[in-house]
Structure formats: structure tokens, C-alpha cells
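Visitor: Mind looking over this structure? Questions follow.
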Amino acid sequence: MEFIHYSVMLKECLDGLSVKPDGIYVDGTAGGAGHSAAIAAKLSERGRLVAFDQDPDAVEAARERLSPYPNAQVVQENFRNMAGVLREMGICGVDGVLLDLGVSSHQLDEAERGFSYLHDAPLDMRMSQSGFSAYDVVNSWTADELTRILREYGEEPFARKIALSIVKNREEKPIETTFALAEIVKAAVPAARRREKNPCKQTFQAIRIAVNDELGSLSQGLDEAFSMLNPGGRLVVLTFHSLEDRMVKHRFQNWCKGCTCPPDFPICVCGNKPKADLVNRKPITASPEELAENRRSMSAKLRILTKR
């Protein structure tokens, strides 16, 4: 099995982590282990890397790629649960956490995983390859539930029309494949939308986020990662769409803000102190050279903070 995943902004991520040879680091989303291998290569015998991934394919590929590094360990688990797992391993604090939130090229390009509207396959989209799937969402959720996720997770302007069309079509027969869903979406949106771009992207994104509870995982994972950081530790987060980036931006701002008293209070009474400092006030984006090499880097935004 070949698990392909381009390591987006590899140098920028490593620079953001500021890897110490004897430090302890976490890659919360190992994928093809490109970032993980680069981190492990910088560690001495006293250093340690723990790489998480919920995808069994990714775990297998990461273990193989990291096999030359005895101080690197791969754990099959969602990064949202990292704190408990790390403590069970006897790790009470880490010097850096990297979260690369992009869907891997392997997941998108392997047709049978059912992530892409460009390949005909059974509706699946499960990163962990377990639990309920895109088929369950599309064929059992109500029109209101479908409308909500298409609006909130896909920011789809024609969410209601697409949701109603899905419900109508599944009354005749179950919607079983990615192409079947794509055709329903295309038929539900105005012709002008179909001419401008592929109208399926936002619907597929929304369903994928719902299936994997990606925003719930991110919210919990950010808190768990921050709680495990040693003073001076770095949290490096790479996002690929506005919903993720917005959550990361706001969480970082809250940790760095300190006082929450109303502006008209003469003195601070809340006593809140900043818990972290931003390394970059604006998100870092991919270089022109990387964009020419990998178009999937186009939407990537990198945010970094240091815990006080």
C-alpha cells in the first residue's frame, strides 16, 4: 500500500515548532508521516515523537516510514484524545504539537474511500474507517439536518434546495455512490453555478465534516494540545478551509488576550492573564514555489503560538 500525502509547508511547520533535539513532540495527524519523519530526523536519542492518526492506512504507512527512528511512536487514535493517551504513556508535557488538518491525497485519490466527487465509489468518507458513513448521513438525516450541515460546514448558498433534492431522490431508491450524489447536487443548483465551477465541492466537504465530526475534534484537540504544552512549547496548526481557520484564530486569540473586563472598567477585576503569545499575527501561506508544485496548498493557512 502506498499512502501518498504531500507535506504542505514542511519547512514553515518545522520552523514553527522550533524543534529541540531532546524535546518531546506530537504530530496529531500523521498522514503519510512526511512532517513526522522530518521532526524525528531532528531529534537526538533523548528526544521523542508521538504521531497520532485515526486512519488505519495512515498508521500502517507512518509506522513503516518512521521505522528508522526508534524514538518515534505511532498511535491509532483521534488527536482529540491525545492528552489521555500521552499521560498513559508517562508523558506529562510536550515541547510542541503539530496539527495538519488537511485531508490526505491518499484519502482523496483512493476511489474506494468515497471522499471525492471525481471518482465513482460507495459513499463512505470515514477517516477512521469505522462508525457511521456518508451513506448514513445522506440516506437517513432529515432535510432540516442536511440543510444545517450544508450551510454551516459547506457554506453552501443552495443548501435547502440540495437537501430537499437529496430527500426526494432517496425516496425512490437509496443514494449509494459519490457520482449519484454529485448528479443530484448538480441538478439542484442553477445552471450558472454549474458553469462557474463544480458545484459538488461544498456539499461533499460538509458531509465529510459531519461524518468525521471534524470541528468537534478540532475544538477538543486544540484544548488537549494546549493543555499538554510545556512553558515555551509551540502549537502549530495548518488549516485548509475557513471554518477550521476561524476556530483556530479565535482560540489562539482567547489564549493570548488576558483581561476580559469591559473596556470602560477603570481597572482589571477579572485577573485573567495571557496564557500564550502569537508567533505570527497573520497566517502564513504557501510560497509561490510550493503553489506551483502542489495546488492543494493554495487554501492552507499556518498559525503558531508559544505557551507562556
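Visitor: So which aspartates and glutamates can LYS11 reach, going by Cα to Cα under 14 Å and dropping same-chain residues fewer than 8 places off?
Guide: Once the sequence-local aspartates and glutamates are set aside, what remains near LYS11 is ASP100, GLU289, GLU290.
Visitor: Which order do ASP144, ASP100 take when ranked by solvent-accessible area (1.4 Å probe, heavy atoms of all protein chains), largest first?
Guide: ASP144, ASP100
Visitor: Calculate for the chain the 222 nm mean residue ellipticity that helices alone would give, adding -39,500 (n - 2.57) per DSSP H run of length 4 or more and normalising by residue count, nearest 500 deg cm²/dmol.
Guide: -12500 deg cm²/dmol
Visitor: Could you work out, for the range 117-237, what percent of all Cα-Cα pairs fall into each 5 Å distance bin, beginning at 0 Å and stopping at the bin that holds the largest distance?
Guide: Here the calculated profile for the range 117-237 is 2, 11, 19, 22, 16, 10, 7, 6, 4, 2, 1, 0.
Visitor: Beyond 17 Å, what percent of the Cα pairs of the range 121-192 remain?
Guide: In whole percent, the share of Cα-Cα pairs in the range 121-192 beyond 17 Å is 42.
Visitor: Calculate the tail of P(r) for the range 56-96: the fraction of all Cα-Cα distances greater than 10 Å, expressed in %.
Guide: 75 percent
Visitor: I need the Debye-formula profile for the range 161-308: one equal scatterer per C-alpha, no solvent, reported as log10 I(q)/I(0) at q = 0.10, 0.11, 0.12, 0.21 1/Å, two decimals.
Guide: -0.57, -0.65, -0.73, -1.28
Visitor: With the alpha-carbon atoms as the only input, what is the per residue convex hull volume for the chain in Å³?
Guide: 157 Å³
Visitor: How do 180-193, 253-266, 115-128 rank on mean C-beta neighbours within 10 Å, highest first?
Guide: Output ranking for 180-193, 253-266, 115-128: 115-128, 180-193, 253-266.
Visitor: If you roll a 1.4 Å probe over the chain with all protein chains in place, what percent of the accessible area is carbon or sulfur?
Guide: C and S atoms contribute 49 percent here.
Visitor: Nearest 5 percent is fine: what portion of the DSSP beta bridges confined to the chain is antiparallel?
Guide: Within the chain, antiparallel bridges account for around 40 percent of the total.
Visitor: Additional query: Name the most mobile residue of ILE267, ILE24, ILE284, meaning the one with the largest mean-square fluctuation, in a Gaussian network model of the chain with Cα contacts below 10 Å.
Guide: Comparing ILE267, ILE24, ILE284 in the GNM, the peak value goes to ILE267.
The values are calculated or read from the model by the stated rules, or taken from the named source; none is laboratory data. Being a predicted model, the structure only gives us computed values, none of them experimental. Glycine gets a Cβ as well: all are built from the backbone with ideal geometry, and neighbour counts include every protein chain shown. To get the accessible areas, we keep the full protein, side chains included, count just its heavy atoms, and leave off ligands, DNA and RNA. Shrake-Rupley method; radii C 1.70, N 1.55, O 1.52, S 1.80 Å.
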